[in-house]
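Reviewing the structure listed below.
Coordinate-derived values only; no laboratory data. From a predicted model like this one, the values you see are computed outputs, not experimental measurements. Glycine gets a Cβ as well: all are built from the backbone with ideal geometry, and neighbour counts include every protein chain shown.
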Amino acid sequence: MSPVLAGVLQLLALIVALGLAYRPLGDHMARVYSSDRHLRVEKWIYKGIGADPDTQMRWPAYLRGVLAFSAVGVLFLYLLQRLQGSLPGSLGFRSIDPDQAFNTAASFVANTNWQSYYGEQAMGHVVQTAGLAVQNFVSAAVGIAVAVALVRGFARSRTGELGNFWSDLVRGVIRVLIPISVLGALVLVACGAIQNFAGIHEVGQFLGGSQQWNGGAVASQEAIKELGTNGGGYFNANSAHPFENPDGFTNLFEVFLILVIPFALTRTFGRMVGSLKQGYAILATMAAIWIGFTALMMWTEFHHGGPAFDLAGGAMEGKENRFGVGGSSIFAVATTLTSTGAVDSFHSSFTGFGGGITMLGMQLGEIAPGGTGSGLYGMLIMAIIAVFIAGLMVGRTPEYLGKKIGTREIKFAACYILVTPALVLVFTAVAMALPTPRHSMLNPGAHGFSEILYAYTSGANNNGSAFAGLSSDTDWFNTTIGLAMLLGRFLPMVFVLALAGSLAEQQPVPATAGTLRTEKPLFTGLLVGTVLIVAGLTYFPALALGPLAEGLAS
Amino acid sequence: MTTGTRKHDSKRSQDAMSTATPTQAPHSDLPSGHTAHAAHAEEGRVGAGLFDPKQLLRSLPDACRKLDPRVMVKSPVMFVVLVGSVLTTVFSFKDPSDWFGWTISAWLWLTVIFANLAEAVAEGRGKAQADSLRKAKTDTVARRLTGSSEEHVPGTELRVDDLVVCEAGDIVPGDGDVVEGVASVDESAITGESAPVIRESGGDRSAVTGGTKVLSDRVVIKITTKPGETFIDRMINLVEGAARQKTPNEIALNILLASLTIVFLLAVVTLPPFADYAGRHLSMVVLVALLVCLIPTTIGALLSAIGIAGMDRLVQRNVLAMSGRAVEAAGDVSTLLLDKTGTITLGNRQAAEFVPVNGTTEAELADAAQLSSLADETPEGRSIVILAKEKYGLREIPPVAHHHPSEEALRAPISSGELAAAEWIAFTAQTRMSGVDVDGRRIRKGAAGSVIAWVREEGGTVARDADGITHRISEAGGTPLLVAVKDGKGARVLGVIHLKDVVKHGMRERFDELRRMGIKTVMITGDNPLTAKAIADEAGVDDFLAEATPEDKMALIKREQAGGKLVAMTGDGTNDAPALAQADVGVAMNTGTSAAKEAGNMVDLDSNPTKLIEIVEIGKQLLITRGALTTFSIANDVAKYFAIIPALFAAVYPGLDKLNIMQLSSPDSAILSAVIFNALIIVALVPLALKGVRYRPMSADRMLRRNLAVYGLGGLVAPFVGIKIIDVLISLVPGL
């Protein structure tokens, strides 16, 4: 079988698997977030944290919950790393430096999982499992909770109430993330991923010398790493490491885990707003961009000419032989179009265009299908922008799902779309203008610029993948990327929740023949266009000086 | 001002109204909105569809005055261009030999001026109207009544509740209600309508407007508005744009444009460090040029002109919107409440057929019916005369000066020939009959019960099928009028005249159109449900409200609004006022009471309820124009990037020259072409902004597809072509 055909078949298998999971998972999540009943274990948790899961919250209260919970998470994770040296079960690793501890705490709470450390050489079992793995669950659940709050904003009327943050958070973890990640971990273990608490082994290498391997609860962390679109690997090599991602099947399975919740949430959305078709339209938009990007990526990676490339069947540098060009392309697109940031190959080694596709994927705002929750709310914000312009063109004050897009709504949506471009461009510009940050580049020219642009794109968009080729464990990068991650995560949430509150207060406008039909293919096309044009126009100059300059050079 | 053409237009409908013949229904020749618009344009009414390039020149001084930063800051997009122009000019002074910097600066200034020009032109049209209104508002002297004596005071000193006297020749000194007397008033200063109107105390025709002229008789007027806040003052403010406030949707769009401007500002200010790293130093002039090309200047420049022009289009149709918000709301309306009378039907019941009872011929019935109606001056009576004439050629009168049979001609026989000795029995509320006694024949027509009673009283017989016919007509929504005669053969019923409400021609098509636009029409009528249903079915409205009281109307509006719908209605009476105030778009008739005018948010000077439909279309057109130009503006950026990015960076990264798909001749020319295109497109689109995007009623889907194709794809492609052409022209200039 040719590598191209193998790649295409993998993509088709993935689409089929996602299609099969779409309905049951989407409907399950809709039930989870609409049900009145609490599980016993949930009641214990509510009692433990002293929260009343039945109080309805308006948007400021919901936001306070999100921020307070996340602030505590950052603080806890920071302290855990700072105290690692004195904790048992730390494999003898030192405490983490303040700047890196801040960066890592911000990174995992913000669902980014940017790692400026080497997992197997810095983090012991306690920090990995009690700190990082816990955030892998809860940061993902926070994202879904905010998305669900926005969906309730559309679904409810004449109330400011958006649900209960604590209940949404706990249910997301208990009823959605834990069950699926347990299944996922079992599959990964069955396929050869490791799951133990072993210490460090000294292993001899084929060509002499030795290397250290350590064990860990890898498979379980791997499952939630992908499922919660986190991306923080147990090992530095992330999903390229055979302990995390043993073979071609696990590779595809991990991509499936990355994509399954973000796609299924569109059905949850459709269910909760009472129109599955509206969910399908959002799904179609996400799927069109995802498939389009994957096809482009495969094209540029397979197509890359030259004798060495031809022998390898494409641009194999930085890719694992067991995944090949096809599997690596699928993974790279999935991880950058969601907020995952796990990698099974090194994006820096992709072709110029290929690197550009991973960057543009994140710059779209990670909405196709995007992170757990953040993908849905990001895409709904873009839908509001698209509806605003298109709605005017049908001669009515724009409305989406029966809610008018007026001054307040457009203000929050506009602020939302401003945040990440501002963070990415300003931090990149300052880093380029200062003398020291540039020393971290390992490559000259356009590629060197791409390394820094990628770092901030990844941080501010909460992706967490690294282009590789940038020594980011410096005070400057730890601090600025840490800030970019926190601001890039929580500022948009402020606007999303404010928007949700404003929508929930409105009374719905009934649809007539004069209403813009947002469940039609025409609207999907318009939304795809809006997403591409808004991101494309924002980043075109920067991309031209990085990946485009590189890609067009040959 | 084109008062002349306006007179003509209104005059025609006035004639038609007064004769009330079916063939001359006021709007029968205007079956739908767009043809009505076309008709306006053909008659050369102010501006609608016409744009005189000379207006641009005339408005130039105004445009320059608007360069004041305090004014400019209201439009964030154009303010950024202004700051950019200043910056490039300053930097050009530092390097005076740099022709490129000067040329870019010049075009940036032109961009700002073009934007101001668009607004100035839009305002200029209103100014002309305001000037002619001011003429009407010459300082008047009021005759104020204090007790029983009269004193002369300036009109500006009048206060609310003052009583003033106006006699023939006086200018009404302020807005008010007639509390005593009746007079004919010339309202042409406001409505452009030269035919005088009657204003009388009590009832729904009591309102008079300051600035109008009393032509006959004497009336006492109670002043209802403070000086400076009169109708004419508000009108002047309105058409001049002085009272113009940004509408909610305009504010929302401005926010979106501002945020896009910030995004592009970020993209441009962060570029120098990136470029420096790549080994290319970017000058301030180039950066400003790039920024101005990217930010949505096209829509930013035209946004306020679009709003002003939208109001102006209403003014041209003789509708005054008291706020831009109302115009926008009109585009969103999903329920239209239409008064049956005058809007859907011609306003009067008309004879539709003669149904004889067994044993009588139709001609016999028609003759008797016509004879009995010759002196009947009610519209119903007249329609009977005309129907008999048209259908049976009865009492044919040779045409005189009129090309259609006028009432005078028809009534001529009354005073001569066979009818000289006729005795006319007038209709009274007691008898509920009218008729004539002539040549020993006594003819009566009227309500079924009364006529039957009369026949029995006269010892006659009532044909057995009379009751059936009457019933059938009632059920069809018509009004049956029985005709009976007593002559040599005794008293007997001849038959029934079927009077029916005549639905205006073309209304069904219009309602179909509205339905396609997603607008529900509800007919409001005082008729009983049976009659109402028959008319509703015939006219094709979606729903009807029969035996409607003002409270019913109000309840209906509230019910629709509770369902999230926006409601539009027209009204003229004082008891309509609460409903007018409650409706999202309340159009008061100018003939209505001042309470109604105060309550509504629009006033129709022509007092034509059908105009509601046009108002909705204008509201939609306004929003569409905004959306279309925004789309166009954003889509333009793609081509500009393809022009400027390779121009800036192909020197350091030669691969980027592959993006120069337009094959522009040189980097300088590429940037300059983009800037020039950006400036010229504003001027090119001024007519569209003023005229509004062409609007046809169609479903939202079709409309979106069409507008996306024209303004989205068009916006993508047009600048590629435009920039290339400008580049070719620039490269022809020797020495560059």
| Considering the dipole of chain A built from charges on the beta carbon (Lys and Arg +1, Asp and Glu -1) around the Cα centre, which of A:Y62, A:F427, A:F302 is farthest to its positive end? | A:Y62
| remark: When B:S304, A:S374, B:S434 are ranked with the fewest other C-beta atoms within 10 Å first, the list becomes B:S434, B:S304, A:S374
| request: Note down the magnitude of the dipole of chain B about its Cα centre, charges +1 on Lys and Arg C-beta and -1 on Asp and Glu C-beta and zero elsewhere, to the nearest 20 debye. | output: 1900 debye
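Given the DSSP H assignment, sum -39500 (n - 2.57) over each helix run of at least 4 residues in chain B and divide by its residue total; what's the result at 222 nm in deg cm²/dmol, nearest 500?
The helix contribution divided over chain B gives -16000 deg cm²/dmol.
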| request: Would you mind ranking A:K403, B:K246, B:K66 by Cβ crowding within 10 Å, fewest neighbours first? | output: B:K246, B:K66, A:K403
| request: Please determine, in degrees from 0 to 90 and to the nearest 10, the orientation of helix B:362-373 with respect to the longest principal axis defined by the Cα atoms of chain B, where the helix direction is its Cα long axis. | output: 80 degrees
| Inter-site label distance for A:A17 and A:A130 at 7 Å from Cα along Cβ, in nm | 3.4 nm
| Where the centroid of each part is defined by its Cα atoms, how far is the stretch A:476-515 from the stretch B:346-394 in Å? | 71 Å
| message | Need the full-extension length gain, B:A363 to B:S184, defined as separation in residues times 0.36 nm minus the C-alpha distance. One decimal, nm. | response | 60.2 nm
| said: Classify the stretch A:54-111 from the C-alpha gyration tensor, please: rounded if a/c falls under 1.5, else prolate or oblate depending on whether a/b exceeds b/c. | reply: prolate
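Run the helix sum for chain A: -39,500 (n - 2.57) per DSSP H stretch of 4+ residues, divided by residue count, reported at 222 nm to the nearest 500 deg cm²/dmol.
Rounded to the nearest 500, the figure is -20500 deg cm²/dmol.
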| message | Let me make sure I get this right: for the protein assembly as shown, a, b and c are the square roots of the gyration tensor eigenvalues over alpha carbons, sorted descending. Under 1.5 in a/c it's rounded, otherwise prolate if a/b > b/c, else oblate. Which is it? | response | prolate
| query | By its C-alpha gyration tensor, with a ≥ b ≥ c as the square roots of the eigenvalues, how is the stretch A:486-526 shaped: rounded for a/c under 1.5, else prolate for a/b larger than b/c, else oblate? | reply | oblate
| field | Full-extension gain in nm, B:R441 to B:E509, via 0.36 nm per residue minus C-alpha separation | value | 19.8 nm
| Between B:I251 and B:A453, what length in nm is gained on full extension when 0.36 nm per residue of separation is reduced by their alpha carbon distance? | 65.8 nm
| query | Counting pairs of alpha carbon atoms under 8 Å apart in space and at least six apart in sequence, what relative contact order in percent does chain B give? | reply | 15 percent
| query | Nearest 10 degrees, 0 to 90: what angle lies between the long axis of helix B:667-691 and the longest principal axis of chain B (Cα atoms)? | reply | 10 degrees
| query | Roughly speaking, what is the centre-to-centre gap between the stretch A:16-32 and the stretch B:265-339 when only Cα atoms are used, to the nearest Å? | reply | 42 Å
| Averaged over B:630-639, number of beta-carbon atoms from partner chains that fall within 10 Å | 3
| field | Amide hydrogen neighbours beyond the local backbone of B:F544, cut-off 5 Å, H modeled | value | B:M523
| query | Using the 10 angstrom Cβ neighbour count as an exposure proxy, how do B:V165, B:V585, B:V385 rank, fewest first? | reply | B:V165, B:V385, B:V585
| query | Could you state the number of Å between the C-alpha centres of the stretch A:203-217 and the stretch B:607-639? | reply | 70 Å
| said: Could you derive backbone 3J(HN,Hα) for the stretch B:319-332 from the dihedral phi with the Karplus parameters 6.51, -1.76 and 1.60 (θ = phi - 60°), listing whole Hz in sequence and x where the residue is Gly or Pro? | reply: 10, 9, 8, 6, 8, x, 4, 5, 5, 5, 4, 4, x, 9
| Helices from chain A with mean Kyte-Doolittle at least 0.0 and a Cα length along the axis of 27 Å or more, per DSSP H: which? | A:3-34, A:59-82, A:134-155, A:248-273, A:276-303, A:374-393, A:407-433, A:475-505, A:521-543
| said: Explain nothing, just the number: relative contact order of the stretch A:372-553, from Cα pairs under 8 Å at least 6 residues apart, as a whole percent. | reply: 30 percent
| remark: Once normalised by the length of the stretch B:482-641, the mean sequence separation of its alpha carbon contacts under 8 Å that are 6 or more apart gives a contact order in percent of 11 percent
| note | Note, the stretch B:283-299: 3J(HN,Hα) by Karplus (6.51, -1.76, 1.60, θ = phi - 60°), whole Hz, Gly/Pro = x, goes 7, 4, 4, 5, 5, 5, 4, 4, 4, 5, 5, 7, 5, x, 5, 4, 6
